[in-house]
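Report on the structure given below.
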Amino acid sequence: MRYFMLRPVLMVLMVLWPGLGTAQDGARGVEYASRTEIILSGHIIPGFTQLAERSSALAQVAQDQCGRDSAPLRDAFHAAFDAWVAVSHLRFGPTETGDRAFAMAFWPDTKGFTPKALNRLITAESDVVADPVKFAQSSVAGRGFYALEFLLYDDTLRMAGSDGYYCALIRAITADLEGNAQAVLTDWHEGYAQRLRGAPGEAIKLFYNALLTGLQFTADTRLGRPMGSFEFPRPRRAEAWRSGRSLRHVQISLRTMEDLTGMLARDLTGPQLSYAAAYPRALRLAQDLEDPVFAGVSEPQGRIRVEALQGAVQRLHDIALEELGPALNVVAGFNALDGD
């Protein structure tokens, strides 16, 4: 169940043409159109704009300060990573073109491909780091935020190789991130957003499925992976634990999902009554957890608290599935988290 394999059937929208979905839009076209515009202008475009800006800032810092213990580089990394997590549920259209999302965020990495890819590059001092085109064609496991996290926070890889090659690799990864983030934003501005405006009924389906998948990923993967089983907890399977970001990703995702839910549920009184209380409860549980990398899952009391948070996120998914979907007159589409 890998998030980077999410390919909803609704991704047929990547080849949208004018008029798609007009049959369903007939009765609710105005409402769907207004929601689509609100989500595009208030959620999607600002999110990818922020990602592009912060990725550009990260690449610039890497040019100026790429040392193994550079505090400014780490600060820029966290800011850009936050921006990615805030849009990571929008896995359709421009993020999927050319496998950009894979290149920016290869996780979960169940086979440990990322450290292997980085070790190969460093050991060989591969010259792909000097050519952005070649680097963009290299393994996604050695690119993106998770590869950068290893270089900045893993005790072994942070000290591997020469200083010169370390800097070259840092700069290659951050420039690649910047290029992908800018390309995604450009595609949204240069046609894809307009395609969705031309098919608002299908756009709402797409946004709704992104919400469901994002909540499911947080419950099953961000929280479920480190929980493991009661007998065998797996805290080292938590997302971005090396940089202390595991809980932070859950919190960012919940705030982003709350934002998207509010836009989808605008003026729909039924689901508003439930989600308006459920999101603050989940966020409060996350804040009170005070366990940034879910290390507490190894102890009964710590595990109970993470289970409570997971249950609260699952409740949000249920609200979206059982209340929001029917209110919007849309149904959940298939996604790769439904199967093995």
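The values are calculated or read from the model by the stated rules, or taken from the named source; none is laboratory data. Bear in mind that the values here come from a model prediction, so they are computed numbers and not experimental data. All Cβ positions, glycine included, derive from the backbone under ideal geometry; neighbour counts span all protein chains shown.
Computed quantities for the displayed model
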quantity	calculated
Selected residue (only one of Ala172, Ala183, Ala160 is touching a residue at least 24 places away in the same chain (Cβ under 8 Å) and within 17 Å of the chain's Cα centre (by Cα))	Ala183
Qualifying residue in the stretch 42-62 (condition: of a type in the set (Asp, Glu) and modelled with pLDDT under 95)	no
Which numbered condition Val85 fails, given (1) closer than 29 Å to Gly164 by Cβ; (2) assigned to a helix (DSSP H, G or I); (3) in contact (Cβ under 8 Å) with a residue 40 or more places away in the chain	(1)
Residue under evaluation Phe230, criteria (1) part of a helix (DSSP H, G or I); (2) farther than 29 Å from Gly333 by Cβ; (3) at pLDDT below 95, criterion not met	(1)
Close pairs from the stretch 209-223: first in contact (Cβ under 8 Å) with a residue 24 or more places away in the chain and within 18 Å of Pro326 (Cβ to Cβ), partner small (Gly, Ala, Ser) and surrounded by 24 or more Cβ atoms within 10 Å (Cβ to Cβ), Cβ under 8 Å, at least 6 apart	Leu211/Ala320; Leu212/Ala320; Leu215/Ala320
Residue within the stretch 233-241 that is touching a residue at least 60 places away in the same chain (Cβ under 8 Å), aromatic (Phe, Trp, Tyr) and on the phi < 0 side of the Ramachandran plot present	no
Some residue of the stretch 89-108 being in contact with a His (Cβ under 9 Å, 6 or more places away or on another chain) and under 30 Å from Asp259 (Cα atoms)	yes
Given (1) more than 17 Å from the chain's Cα centre (by Cα); (2) buried (at least 19 other Cβ atoms within 10 Å of the Cβ); (3) hydroxyl-bearing (Ser, Thr, Tyr), index of the condition Thr213 fails	(1)
All positions within the stretch 62-82 that are of a type outside the set (D, E, K, R), touching a residue at least 40 places away in the same chain (Cβ under 8 Å) and assigned to a helix (DSSP H, G or I)	Ala62, Gln63, Leu73, Phe77, His78, Ala80, Phe81
Near pairs, Cβ below 8 angstrom, 6+ apart or cross-chain, from the stretch 98-125 (within 20 Å of His249 (Cα to Cα) and of a type in the set (Ser, Thr, Tyr)) to any residue that is at pLDDT below 95 and assigned to a loop (DSSP other than H, G, I, E, B)	Thr110/Arg2
Filtered residues of the stretch 65-120 (kept if among the aliphatic types (A, V, I, L, M) and out of contact with any helix residue (DSSP H, G or I) (no Cβ under 6 Å at 6 or more places or on another chain))	Ala71
Matching residues in the stretch 268-287 - criterion: being polar (S, T, N, Q) and surrounded by 13 or more Cβ atoms within 10 Å (Cβ to Cβ)	Gln272, Ser274
Hey, Leu152 surrounded by fewer than 22 Cβ atoms within 10 Å (Cβ to Cβ), out of contact with any Gly (no Cβ under 6 Å at 6 or more places or on another chain) and assigned to a helix (DSSP H, G or I) or not	yes
Evaluation of Leu90 against (1) assigned to a helix (DSSP H, G or I); (2) under 20 Å from Ala183 (Cα atoms) (one fails), failing number	(1)
Number of positions in the stretch 233-246 that are in a helix (DSSP H, G or I) and surrounded by fewer than 22 Cβ atoms within 10 Å (Cβ to Cβ)	3
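Okay, residues lined up against (1) surrounded by fewer than 22 Cβ atoms within 10 Å (Cβ to Cβ); (2) closer than 30 Å to Ala265 by Cα:
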| residue | (1), (2) |
| --- | --- |
| Glu53 | yes, yes |
| Ser70 | yes, no |
| His89 | no, yes |
| Asp99 | yes, no |
| Ile122 | yes, no |
